[in-house]
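Encoded as structure tokens, the structure appears first; notes follow it.
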Amino acid sequence: MVTILKKITKLTTFLALGILAVVLAGCSSQVAKYNPKESIGKQVNYTITGIDAGAGIMASTQNVIKDYGLDKNNWQLQTSSTAAMTSTLDKDYQKKLPIIITGWTPHWMFTKYKLKFLKDPKNVYGKAEDIHTITRKNLKQDKPEAYEMLDRFYWTPAQMSSVMIKVNNGEEPAKAAKAWIKNNPKQVAEWTKGIKHVHNQSIKMTYVAWDSEIASTNVVAEVLKSLGYKVTIQAMEMQPMWASVAGNDADAMVSAWLPNTSAVFYKDYRSQIDDLGINLRGAKVGLAVPYYMTNVNSIEDLKK
Ligand code: PBE
């Protein structure tokens, strides 16, 4: 009797496992390769894979959904984080699955994967973006040496990318920044030439922990250290970052994507901050897809 019961239990377990296997197989067969002949909306479940809720690109993408009438098809923007988005991209890319992401450059995602920006005929994301350096009011009087260096800080998307890629490969941001400084002595000398070294002075920078801002903030921090400053850098959300500089809790940040991506905060805090101008030219924000999505080239194509 006992043995029969045991056998039945075993059989049931077998059956259950079998059913589970069939169900799982069914699930994975739903994720099909990108099909140029089928509606892209259907293929991605009308979902754009996004990043953290506070990012400017998320607000712009909500505008895109409205302005292009994508809301009529119930398109939605999925909130996650840069890490989660790039990890989903990585998995889907290997299998050539359809995926639409919120993308931007400079970022290693455009180096590691062959991606294309979707055309934006309504120009909701704006053409090109620049990144500005922002300081608190009176930094110029209080810490003129730091102000002068911050004012001179300027580099290219390729240079920022080179630091970002190292950090993405697991290097400590401060170490990657130091190495970049060591390899670019002429440029760094231009930022610091003639600036007096200081003693017993500290400076605080805030930033959002996006890969681009991790790179720039660490490079600037290391250069300020070389001028004698005790530098602290503190990561926070975008709104507190702006508020910290506007409210004199922090001295500076190098993370203002303008004129579009950070526009809301720029407008709110304009009168309480100093805009030292552009530290990087030619950044870009938009929707992006892998190269193999041959029939998706414009945001308008999402309506098909
Ligand atoms: N980003 C990277 C940010 C700015 C830097 C594009 C994700 C954003 O606010 O969207």
Quickly work out the Lys175-to-Asn200 label distance, labels modelled 7 Å from Cα along the C-beta direction, and quote it in nm with one decimal.
3.5 nm
Built amide H within the under 5 Å cut-off of Lys116, gap 5+
Val289, Tyr291
So what's the gap between the Cα centers of region 119-164 and region 173-251, to the nearest angstrom?
12 Å
Most mobile of Lys72, Lys33, Lys137 per a Gaussian network model of the chain (Cα springs, under 10 Å)?
Lys72
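Show me the GluC sites (Glu not before Pro) within region 200-304 that DSSP assigns to loop and that have at most 16 other Cβ atoms within 10 Å of their Cβ. Write out the running numbers ahead of the final one.
On the way: sites: Glu213, Glu222, Glu237, Glu300; in loops: Glu237.
Passing both the DSSP loop test and the Cβ count: Glu237.
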Out-of-range pairs (alpha-carbon distance over 18 Å; input Lys37/Lys72; Lys140/Lys182; Lys143/Lys230; Lys91/Lys114; Lys178/Lys225; Lys196/Lys225)
Lys37/Lys72; Lys140/Lys182
Order by neighbour count: Trp75, Trp104, fewest other Cβ atoms within 10 Å first, most last.
Trp75, Trp104
Farthest positive-ward along the chain dipole, Cα basis, beta-carbon charges - from Val163, Thr232, Val44
Val44
Using the Kyte-Doolittle scale, find the helices of the chain whose mean hydropathy is at least 1.0 and whose Cα atoms extend 30 Å or more along the helix's long axis, counting only whole DSSP H runs.
2-30
Counting other Cβ atoms within 10 Å of each Cβ, which trypsin sites (Lys or Arg not before Pro) in region 145-194 have at most 13 and sit in a DSSP loop?
Lys193
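Could you work out the local net charge near Ser226, counting Lys and Arg as +1, Asp and Glu as -1, over the other residues with Cβ closer than 13 Å to its Cβ? Write down the numbers at each step before the final one.
Working: positive: Lys178, Lys182, Lys193, Lys196, Lys225, Lys230; negative: Glu145, Glu222.
Local charge sum for Ser226: +4.
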Please check: in the Gaussian network model of the chain (C-alpha springs, under 10 Å), which one of Ala288, Ala32, Ala246 has the largest mean-square fluctuation.
Ala32
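What is region 92-184 by shape, rounded, prolate or oblate, if you read a ≥ b ≥ c off the alpha carbon gyration tensor as root eigenvalues and call it rounded for a/c under 1.5, prolate for a/b larger than b/c, and oblate otherwise? Before the final figure, lay out the partial values.
Working: a/c = 3.22, a/b = 1.54, b/c = 2.09.
Oblate is the answer for region 92-184, as a/c is 1.5 or above yet b/c matches or exceeds a/b.
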Between Asn279, Asn169, Asn63, which gets the highest mean-square fluctuation from a Gaussian network model of the chain, Cα cutoff 10 Å?
Asn169
Check cross-link reach from Lys66 to the lysines: straight Cα distance under 23 Å, and skip same-chain residues fewer than eight apart.
Lys42, Lys116, Lys119, Lys122, Lys127, Lys267, Lys284, Lys303, Lys304
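Values in this text are rule-based calculations from the coordinates and carry no lab data. Because the structure is a prediction, the values reported are computed rather than measured. In this analysis, Cβ positions are derived from the backbone assuming ideal geometry, glycine residues included, and neighbour counts consider all displayed protein chains.
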